[in-house]
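The structure appears below as structure tokens.
The values are calculated or read from the model by the stated rules, or taken from the named source; none is laboratory data. None of these values were measured; they are calculated from a predicted model. In this analysis, Cβ positions are derived from the backbone assuming ideal geometry, glycine residues included, and neighbour counts consider all displayed protein chains.
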Amino acid sequence: MLDRIDTSLAALIARRVPGYSLEAPFYTSEEVFAADMEAVFETTWLFVGVEPDVPEPGDVMTVDIGRNSILIVRDDDMNVRAYHNVCRHRGARLVLEEKATVGNLVCRYHSWTYNLDGDLIHAEHMGEGFDRSCHGLKPVHIRSLEGLIFICLADEPPADFDAMADVMGPYLAPHNLRDTRIAYQHDLIEPGNWKLTMENNRECYHCGANHPELTVPLFAYGFGFAPEELDEVERAQAERYGCMVNDSHGEWEAAGVPSACVEHLDDMVTGYRTERLPLDGAGESHTMDTKAACRKRLGTMPSDKMGALHFWTQPNSWHHFMGDHAVVFSVIPLDAHRSLLRTKWLVHKDAVEGVDYDLDNLIGVWMATNQQDSDLVGYCQQGAMSAAYQPGPYSPHTEMLVEKFCNWYIQRMKAHFTPGRAGVDAPRAA
Amino acid sequence: MLDRIDTSLAALIARRVPGYSLEAPFYTSEEVFAADMEAVFETTWLFVGVEPDVPEPGDVMTVDIGRNSILIVRDDDMNVRAYHNVCRHRGARLVLEEKATVGNLVCRYHSWTYNLDGDLIHAEHMGEGFDRSCHGLKPVHIRSLEGLIFICLADEPPADFDAMADVMGPYLAPHNLRDTRIAYQHDLIEPGNWKLTMENNRECYHCGANHPELTVPLFAYGFGFAPEELDEVERAQAERYGCMVNDSHGEWEAAGVPSACVEHLDDMVTGYRTERLPLDGAGESHTMDTKAACRKRLGTMPSDKMGALHFWTQPNSWHHFMGDHAVVFSVIPLDAHRSLLRTKWLVHKDAVEGVDYDLDNLIGVWMATNQQDSDLVGYCQQGAMSAAYQPGPYSPHTEMLVEKFCNWYIQRMKAHFTPGRAGVDAPRAA
Amino acid sequence: MLDRIDTSLAALIARRVPGYSLEAPFYTSEEVFAADMEAVFETTWLFVGVEPDVPEPGDVMTVDIGRNSILIVRDDDMNVRAYHNVCRHRGARLVLEEKATVGNLVCRYHSWTYNLDGDLIHAEHMGEGFDRSCHGLKPVHIRSLEGLIFICLADEPPADFDAMADVMGPYLAPHNLRDTRIAYQHDLIEPGNWKLTMENNRECYHCGANHPELTVPLFAYGFGFAPEELDEVERAQAERYGCMVNDSHGEWEAAGVPSACVEHLDDMVTGYRTERLPLDGAGESHTMDTKAACRKRLGTMPSDKMGALHFWTQPNSWHHFMGDHAVVFSVIPLDAHRSLLRTKWLVHKDAVEGVDYDLDNLIGVWMATNQQDSDLVGYCQQGAMSAAYQPGPYSPHTEMLVEKFCNWYIQRMKAHFTPGRAGVDAPRAA
């Protein structure tokens, strides 16, 4: 079957039909996965963590992106720096743990020692001709956007990160993430391709039927609907929601807290979208009672009732910033069929568990929602394996941002695998 | 080693020596496995279950054939129908369980809803240009042969199913499978290629040394022997068995129960073989005491002592129908190295466990035999991995039907991968 | 990235830079792994066990080398013989256990029976034209070097085994391994490529920081150091050690026990190295108190204080022979990412556990050391996966023998995959 049609990556990319989900090999082929890692995850800015992951000098966090292990360390001048986590001698992994605190970076194998600037400062028995200065750690590009850490594995990272940072800075600053700490982290391995995880995140068409907890604070109306299909009750609700957005934005912006929608999901290499959205009920937080989960308010937020700032980045993150806490999500592809979803809940650094917040209440909505989404991603992955799978139509009302994700992805693939560059015809999805 | 000889699929097929087992890549190569799935399992009729799997309207059974998931549902008019188990929207698997009962088929993801005829009857937010009639479930060919369910994934299934059905109908009808229920189902993952599982089933040369339970009711003589090797005692036994077959067939046919051997294992696409064989001892059933395991007799069977009707189909099933119960077996390839053997024991639908039959007694012989066969298949799979493996000779007296299985298989591969068709040279076994 | 450079095996081999570790695909690519198995493990002499593994007639040991299973049996004339562990009928594995005792070799499947000379002596139902003499077991080359068993899977094994045997015989004879028994065997699956396991074994640069137990008896100085880096205390120690080697060799050789270094690690196909090295402290054995672990001395060893005879062979073994016990190690590649390290501790055949030796004391040093080495191998395997990995420089003072291992390996690959031979361009590491 499959071998009767052209499944070269070039053909798959060229054949993509706008408005429809991708062809199956994009979700199931390890060859396409390898191409994704090269064309997307080794070229663009990736969200990998937050400054509170490494609060003190010598604190190290490691993160694995495909075959690469990266270590992120706070140096003695309080800068965050990133290096490839590979000794320059025999190639041993330097830091094995996800989190550690070090003086220098010492390889366990033969004790080669690097300082936090990445310089090789000690290596025994190497003889007189050996030049330590040629054997420092290989650096990785790193940027902190108001405490959100992005890295880029490319030699030359996309320049438009600055344009995103200029816009997003004022949105994020009032939450002051550098003054938070991680109350909880949860790693979930979803049984599907990373693109299915991302597509799932980019629409709320599925929320009503699948997310009983999330839809307590969140209005599904905020993510689109077919107006002609609403009955009278629904129309009234949708109108109420529309007014609420209008009123809230006016109020919040007047209080100096940017809230308007900015969307560059498929017209920038560093694609992103943001909007501050009102919440239902008490309107304070992503909790089951829609009230603040934490008593200590974040940063300079003027009130508890600030809704939730949504921030989405291509290819691998989304975030919700409320008055009392924030939740940040990163997606790390593991193979064509599995993806790591890493979720971190941030509270004010002085907030005390059991006093200022109840942990179960803080994390309850998203722990439930993540698992529900993971199941849905798995059903799609299973479906995409079938010979009977064919791309289906996206809803023009509720899946426009899924479409934009696919557009962005196809653009990245085209940009990387253009004719004339080596490798364009090499990968074959089967 | 291997790379010094031509291991293209075309070469392997062309090189097959009649009377000998297949070359190693037929058992060990994932590339040949993929070719098997395409050339055999996506083109021929496959046995997948029985009507009692879905006795009532809305009952659904799912079965996975390689990368395909198929759902078999009984509709409101009591017909059994089969569809690809894939939503036409985002491709999610529709029914996750092996068995379920539904009103309509509703996708969990965005609530797209199909009726039991496969029509899409509900899909929200799709806008005004959307045509539901183009997005029904994809049908799969399905046939019930007196309650035995066969499906075919090809667009045009082999036409000779009817010829088999015409012959087999009268053999099967007296057992009235539609009036049975499944007393027990057992799934066993055998550690070998599906062809080794089938080859193992197609001879009883190994029975004496490996199946102490099965050879209580079953005569190994019924499956061939080298006459010149028998000693006096064995010769007397073989003669007794020969007479028994003659007498029983005369008696059973006179009672209106077809019993003669019909064999089309390698001269039809829908290859099959049948014969009603006498049993040892009480002669009633595949049990350790050779007596009926269930008090309620099946269908219109005139007596308890009806031996066992054997029915074998290519590529993936065999069955034993006795007066009191039936055992049906399907083989579903999982990968080059693993195969699912699914066994179902059927009793009269009114038979009550603990009253009319003892479950352990009903299933004991085949539970033991299946495990013994699975071990043997595993030893062969391990052997086929070795560089020292080379095709060995089949016994002309006891392995003729193994040879016919291989003939049939090679014919199917040739028919699918003929020169001039795309793909013939593509697969390479390594 | 990778697809921009030539990763064909021929290019990788040609590009190897002396003095540096290998390029990543040599450690991570399954294609290179398959080439290793063909070019190295199916062509050279491999250490697989000791005569005490099969002490009595009919004793069988099986060992798996890649896809091949080999059975080693002691015949009735006390010879050790080796065969492919594959029945010539349907290819079933004959002996399933690692150790067994048999009269004849009987296949479980259809009872084909071979005597210990490999002749097929029984096969039922095969008809009159069948020639048993064409269906004997396939032999494998086997040699015992003073009780150390080596096999070779090639049709024509390397002839220089004899040259090694001529040299090594006198070194090994005083330990009389044929008169020992296996006190303990331990199988450890190391999470790395077999070459990383071998490289780790070929230097002691890592011993100081990683092997607190091993460095009690063993002098790291014996494996090289940069003289200009020693401080005064270290220099004194190194000098003490140098004198000790000189004195011991004189003493031992005078007692008729060969001790001098012989090294042919990269100038023979059957590459090896040996030297008898003094031990620290009591100088008797590889134990935590450096004293003999076993009261019964081996063979004709003249004293307890005989140091440790080191014997290393390419591609897959190393050994330590002391006055009271011996430890033999074999490495068997499992896949590109995993290797089996099999360790056997040998004591005099009359030694009684709990009386003549304490098992924990006997095996303690190497049980700890093996696990530490396994961890180090794993860190390197993880590092080699990274896009940032690049070959690093070997220490000219402490990693010369790692360099010789790589030289030998690259020579073997070149010899096997020379232009003009089929297959040289085929493997592609990705």
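Taking the condition more than 10 Å from chain C (Cβ to nearest Cβ) and in contact (Cβ under 8 Å) with a residue 60 or more places away in the chain, does A:Ala165 pass?
Values: more than 10 Å from chain C (Cβ to nearest Cβ): yes; in contact (Cβ under 8 Å) with a residue 60 or more places away in the chain: no.
When the stated conditions are applied, A:Ala165 does not pass them.
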key: Filter result for B:Gly91 (at the interface with chain A (Cβ under 8 Å from one of its Cβ atoms) and buried (at least 18 other Cβ atoms within 10 Å of the Cβ))   = yes
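Is there a residue being within 14 Å of another protein chain (Cβ to nearest Cβ), within 30 Å of B:His211 (Cβ to Cβ) and at pLDDT 95 or above anywhere in region C:138-149?
As a first pass, look at region C:138-149 and keep what is within 14 Å of another protein chain (Cβ to nearest Cβ): C:138-141.
Now restrict to residues that are within 30 Å of B:His211 (Cβ to Cβ): C:138.
Keeping just the survivors that are at pLDDT 95 or above gives C:138.
Yes, some residue in region C:138-149 is within 14 Å of another protein chain (Cβ to nearest Cβ), within 30 Å of B:His211 (Cβ to Cβ) and at pLDDT 95 or above.
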task = Would you check if there is a residue in region C:381-397 being under 12 Å from C:Glu203 (Cβ atoms) and touching a Ser or Thr at 6+ places or on another chain (Cβ under 9 Å)?
result = yes
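Would you mind stating whether B:Ile149 is under 18 Å from B:Ser330 (Cα atoms), surrounded by fewer than 21 Cβ atoms within 10 Å (Cβ to Cβ), touching a residue at least 12 places away in the same chain (Cβ under 8 Å) and aliphatic (A, V, I, L, M)?
Numbers: under 18 Å from B:Ser330 (Cα atoms): yes; surrounded by fewer than 21 Cβ atoms within 10 Å (Cβ to Cβ): no; touching a residue at least 12 places away in the same chain (Cβ under 8 Å): yes; aliphatic (A, V, I, L, M): yes.
It is false that B:Ile149 is under 18 Å from B:Ser330 (Cα atoms), surrounded by fewer than 21 Cβ atoms within 10 Å (Cβ to Cβ), touching a residue at least 12 places away in the same chain (Cβ under 8 Å) and aliphatic (A, V, I, L, M).
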request  = Being under 15 Å from the mean Cα position of the chain (by Cα) and either within 14 Å of chain B (Cβ to nearest Cβ) or of a type in the set (A, V, I, L, M, F, W, C) (or both) is the filter here, so list the residues in region C:44-62 that pass it.
outcome  = C:Trp45, C:Leu46, C:Phe47, C:Val48, C:Val50
ask   = Here are some conditions: (1) surrounded by 16 or more Cβ atoms within 10 Å (Cβ to Cβ); (2) more than 21 Å from B:Val331 (Cα to Cα); (3) away from chain A (no Cβ under 14 Å); (4) not acidic (Asp, Glu). B:Leu120 meets all but one. Which one does it not meet?
value = (3)
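Among the residues of region C:114-143 satisfying the criterion of being of a type in the set (D, E, K, R) and farther than 24 Å from B:Thr398 by Cβ, which is farthest from the chain's Cα centre (by Cα)? Break it down stepwise before answering.
From region C:114-143, those of a type in the set (D, E, K, R) are C:117, C:119, C:124, C:128, C:131-132, C:138, C:143; that's our starting set.
Adding the requirement that they be farther than 24 Å from B:Thr398 by Cβ leaves C:117, C:138, C:143.
On the way: C:Asp117: 27, C:Lys138: 24, C:Arg143: 14 Å.
Step by step, filter region C:114-143, then rank; the result is C:Asp117.
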key: Conditions (1) surrounded by 20 or more Cβ atoms within 10 Å (Cβ to Cβ); (2) closer than 26 Å to A:Met301 by Cβ; (3) of a type in the set (D, E, K, R); number of the one not met by A:Glu190   = (2)
task = Could you list all residues from region A:388-405 that are at the interface with chain B (Cβ under 7 Å from one of its Cβ atoms) and touching a Lys or Arg at 6+ places or on another chain (Cβ under 6 Å)?
result = A:Ala388, A:Gly392
task = Go through region B:387-430 residue by residue and tally those that are at pLDDT below 75 and either within 25 Å of the chain's Cα centre (by Cα) or not in a loop (DSSP other than H, G, I, E, B) (or both).
result = 1
ask   = Out of all the residues in region A:219-239, which are in contact (Cβ under 8 Å) with a residue 24 or more places away in the chain, more than 13 Å from every other protein chain (Cβ to nearest Cβ) and either more than 23 Å from A:Thr274 (Cβ to Cβ) or touching a Leu at 6+ places or on another chain (Cβ under 7 Å) (or both)?
value = A:Gly222
message = Out of A:Phe33, A:Phe26, I need the residue that is within 14 Å of chain B (Cβ to nearest Cβ), crowded, with 21+ Cβ neighbours inside 10 Å, in a helix (DSSP H, G or I) and modelled with pLDDT of 95 or more. Which one?
response = A:Phe26
task = Scan region B:65-112 for residues that are over 25 Å from the mean Cα position of the chain (by Cα) and hydrophobic (A, V, I, L, M, F, W, C) and report the count.
result = 8
remark   = By residue number, the members of region C:261-299 that are charged (D, E, K, R) and not in a loop (DSSP other than H, G, I, E, B) are C:Glu263, C:Arg273, C:Glu275, C:Arg276
request  = Starting from region A:66-85, keep only residues that are more than 11 Å from chain C (Cβ to nearest Cβ) and farther than 17 Å from A:Glu97 by Cβ, then list their pairs with residues that are in a loop (DSSP other than H, G, I, E, B) and at pLDDT 95 or above whose Cβ atoms are within a distance under 6 Å, requiring at least 6 positions of separation or different chains.
outcome  = A:Asp75/A:Leu116; A:Asp76/A:Pro57; A:Arg81/A:Asp75
task = Go through region A:75-157 and tell me which strands (runs of 3 or more DSSP E), entirely inside it, have 1 or more residues that are touching an Asp or Glu at 6+ places or on another chain (Cβ under 7 Å) and basic (Lys, Arg).
result = A:80-84
task = Being touching a residue at least 40 places away in the same chain (Cβ under 8 Å) and either within 13 Å of chain C (Cβ to nearest Cβ) or surrounded by fewer than 17 Cβ atoms within 10 Å (Cβ to Cβ) (or both) is the filter here, so list the residues in region A:103-116 that pass it.
result = A:Gly103
ask   = In region C:275-326, what count of residues is obtained for those that are crowded, with 22+ Cβ neighbours inside 10 Å and of a type in the set (Val, Ile, Thr)?
value = 2
ask   = Going through region C:349-365 one residue at a time, which ones are surrounded by 22 or more Cβ atoms within 10 Å (Cβ to Cβ) and of a type outside the set (Val, Ile, Thr)?
value = C:Ala351, C:Tyr357, C:Leu362
request  = From (1) more than 14 Å from chain B (Cβ to nearest Cβ); (2) in contact with a helix residue (DSSP H, G or I) (Cβ under 9 Å, 6 or more places away or on another chain); (3) in contact (Cβ under 8 Å) with a residue 60 or more places away in the chain; (4) at negative phi, pick out the condition that doesn't hold for C:Lys99.
outcome  = (3)
ask   = Name the pairs whose Cβ atoms lie under 7 Å apart, with the first residue in region B:364-378 and over 16 Å from B:Asp289 (Cα atoms), the second of a type in the set (Val, Ile, Thr), and 6 or more positions between them or separate chains?
value = B:Asn370/B:Thr343; B:Val377/B:Thr197
query = What number of residues within region B:343-387 are small (Gly, Ala, Ser) and within 8 Å of chain C (Cβ to nearest Cβ)?
reply = 4
query = Any residue in region B:321-339 that is touching a strand residue (DSSP E or B) at 6+ places or on another chain (Cβ under 9 Å), farther than 25 Å from B:Gly208 by Cα and within 14 Å of another protein chain (Cβ to nearest Cβ)?
reply = yes
key: Residue list for region A:242-260, filter: surrounded by 19 or more Cβ atoms within 10 Å (Cβ to Cβ) and in a helix (DSSP H, G or I)   = A:Met244, A:Val245, A:Ser248, A:His249, A:Trp252
